[in-house]
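Here is the structure we will look at, set down as structure tokens.
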Amino acid sequence: MSGTYLGMPAFPQAAHEAVNDATLRGNLRHATHTIRAKRARAVAEVSDWAALREAGKQIKDHTLRHLDRYLLRLEEAVTAAGGTVHWAADAEEANRVVTDLVKATGESEVVKVKSMATQEIGLNEALEAEGIRAYETDLAELIVQLGKDRPSHILVPAIHRNRGEIRDIFRREMSGWGRPAPDGLTDTPAELAEAARLHLREKFLRAKVGISGANFMVAETGTLVVVESEGNGRMCLTLPETLISVVGIEKIVPTWQDLEVFLQTLPRSSTAERMNPYTSMWTGTTDTDGPRTFHLVLLDNGRTDTLADDVGRQALRCIRCSACLNVCPVYERAGGHAYGSVYPGPIGAILSPQLRGTASAIDASLPYASSLCGACYEVCPVAIDIPEVLVHLRERVVEGGEAVREGNKVLLKPAKGHAAERAAMRAARWAFAHPAALRTGQRLASRSRRLHPRTLPGPGRAWSATRDLPAVPAEPFRDWWQRTNGGKDDTK
């Protein structure tokens, strides 16, 4: 992976700064609560939602178990339909492939439809280094690009901006990228959308090269699918003469019948719609319609390493709906930038440390960016048990151990700063393995309960400063059980 955002601190520090931004918290609270409520109503309309959720999980797990076979089938189908498939092991290779393809056309600018994979690998920066300018065409991505900002949400990258801020960005920056904002532009949604439409239209009509991602790839036919709400994606996919799609290898589904499940669950989980306004599908090239040349870049960039982890691989089921972000109390208060990755929120807390490893401070801290409340698991349309993976990754950070990096088994060293935690866990393990010692410790704790402090000393003060220490009972449970014959003789 191309690394974290430049200069990004670990999550606790970044989150501490974010929660002090009242405007940011207000924007996030309003947006996430609105989306959350709409999604709940949309899902409640479907009587077989639980069955669809389980079907999505089973399809994804089956595909991941046989990923090698389905990727080869996809390559055959895309090639037979007139496309060209490129394999990219990492971000550097993917950027090189795309840059060379654009340069081969002789063009110096491209239009892009929203693609998290290209953000993941830093494609815009790689193109700029070669003198190629990339124009984002998704409205939220356009706002982020014009504002020299970073995405903070999977579905709504500019969720941290309000309408007034967007108006100011358009007024100030649009002229430097093309058609300027209309005179007297206000912050009404209709006027902002029209300003973006006029600005982007000239880009669509002029561009000869388009770059896209894909929500799904169908192995049996070589078909790629993009779902979006604005229509900008369809313009980007159909007008240019050359189309280059950069897609993570986990986005594949075996058949059209499998696709049916996700076209029901993704819209309701993401935008709370029964169906996406624009669902665009293309298979290779034709002589009479759409791009004349199509390239598919299949991106690994840590995904096969993630696949090697029996617990962590379930993160690759993700269909990027963002439902987990909208219910997460940590994301709502900290915002997406604190995660230091293009993938924020609960899914980012388990995906980024697996794609990038846990060597950096930000990646080692992400598994702790959660209260483990489980709300993310409850809303996930493919049943990713995010709390389970978070705990699994916390163990990896603290204890180290075997992992797969760049296709090779490596032995990770325990992260710094967790010595006390490791000592406490080892002491607990020893105590639970020695019942007599555990019984003695429980009795001592009960008999000395009046001497216990209300807050923990030293580093523990950070924990007890916002929590009440549990009161130690006057009698250990096992003593009570023996004394009362399992409660039968308890007269209280």
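The values are calculated or read from the model by the stated rules, or taken from the named source; none is laboratory data. Just so it is clear, the structure is predicted and the values come from calculations on it, not from any experiment. Cβ placement follows ideal geometry from the backbone for every residue including glycine, while neighbour counts extend to all protein chains displayed. We work out accessible area using only protein heavy atoms, side chains counted, and drop any ligands, DNA or RNA first. Shrake-Rupley method; radii C 1.70, N 1.55, O 1.52, S 1.80 Å.
As for segment 460-468, it holds no residue that is open to solvent by less than 70 Å² (accessible area, probe 1.4 Å), of a type outside the set (Phe, Trp, Tyr) and more than 30 Å from Pro12 (Cα to Cα). Determine whether segment 320-340 contains at least one residue that is closer than 28 Å to Ser370 by Cα and among the β-branched types (Val, Ile, Thr). Yes; the residues of segment 320-340 include at least one that is closer than 28 Å to Ser370 by Cα and among the β-branched types (Val, Ile, Thr). Leu390 passes every criterion in (1) outside any loop (DSSP other than H, G, I, E, B); (2) more than 30 Å from Ala51 (Cβ to Cβ) apart from (2). Is it fair to say Glu54 is closer than 16 Å to Pro267 by Cβ, touching a residue at least 24 places away in the same chain (Cβ under 8 Å) and surrounded by fewer than 15 Cβ atoms within 10 Å (Cβ to Cβ)? When the stated conditions are applied, Glu54 does not pass them. Of all the listed residues (Gly460, Gly441), the sole one being part of a helix (DSSP H, G or I) and either modelled with pLDDT under 80 or touching a strand residue (DSSP E or B) at 6+ places or on another chain (Cβ under 9 Å) (or both) is Gly460. Can you find even one residue in segment 386-394 that is hydrophobic (A, V, I, L, M, F, W, C) and surrounded by fewer than 18 Cβ atoms within 10 Å (Cβ to Cβ)? For segment 386-394, residues hydrophobic (A, V, I, L, M, F, W, C) and surrounded by fewer than 18 Cβ atoms within 10 Å (Cβ to Cβ): present. Scanning segment 229-257 for residues that are part of a helix (DSSP H, G or I) and touching a residue at least 12 places away in the same chain (Cβ under 8 Å) yields Asn232, Gly233, Arg234, Met235, Cys236, Leu237, Thr238, Ile249, Glu250, Lys251, Trp256. If you go through segment 469-492 and pick out every residue that is among the aliphatic types (A, V, I, L, M) and either open to solvent by 80 Å² or more (accessible area, probe 1.4 Å) or without any contact (Cβ under 8 Å) to a residue 24 or more places away in the chain (or both), you end up with 2. Does at least one position in segment 260-270 carry a residue that is in contact (Cβ under 8 Å) with a residue 40 or more places away in the chain, closer than 30 Å to Asn408 by Cα, part of a helix (DSSP H, G or I) and not small (Gly, Ala, Ser)? Checking segment 260-270: not a single residue is in contact (Cβ under 8 Å) with a residue 40 or more places away in the chain, closer than 30 Å to Asn408 by Cα, part of a helix (DSSP H, G or I) and not small (Gly, Ala, Ser). Of the listed requirements (1) of a type outside the set (Val, Ile, Thr); (2) open to solvent by 20 Å² or more (accessible area, probe 1.4 Å); (3) farther than 30 Å from Pro240 by Cα, Ala334 misses just one: (2). Filter segment 270-320 down to residues that are of a type in the set (Val, Ile, Thr) and open to solvent by 50 Å² or more (accessible area, probe 1.4 Å) and give me whichever is modelled with the lowest pLDDT. Here the answer is Thr288. Need the failing condition index for Val98 against (1) out of contact with any Gly (no Cβ under 6 Å at 6 or more places or on another chain); (2) open to solvent by 30 Å² or more (accessible area, probe 1.4 Å), just the number. Unmet condition: (2). Beta carbons closer than 8 Å, at least 6 apart along the sequence or on distinct chains, pair a first residue in segment 62-91 that is under 20 Å from Thr283 (Cβ atoms) and open to solvent by less than 30 Å² (accessible area, probe 1.4 Å) with a second that is among the charged types (D, E, K, R) and not in a helix (DSSP H, G or I) for Ala77/Glu220. In a helix (DSSP H, G or I) and under 15 Å from the mean Cα position of the chain (by Cα): does that describe Ala364? In short, no. Being surrounded by 18 or more Cβ atoms within 10 Å (Cβ to Cβ), closer than 30 Å to Cys380 by Cα and modelled with pLDDT of 95 or more narrows it down to one residue among Thr221, Thr242, Thr255; which is it? Criteria check complete, one pass: Thr221.
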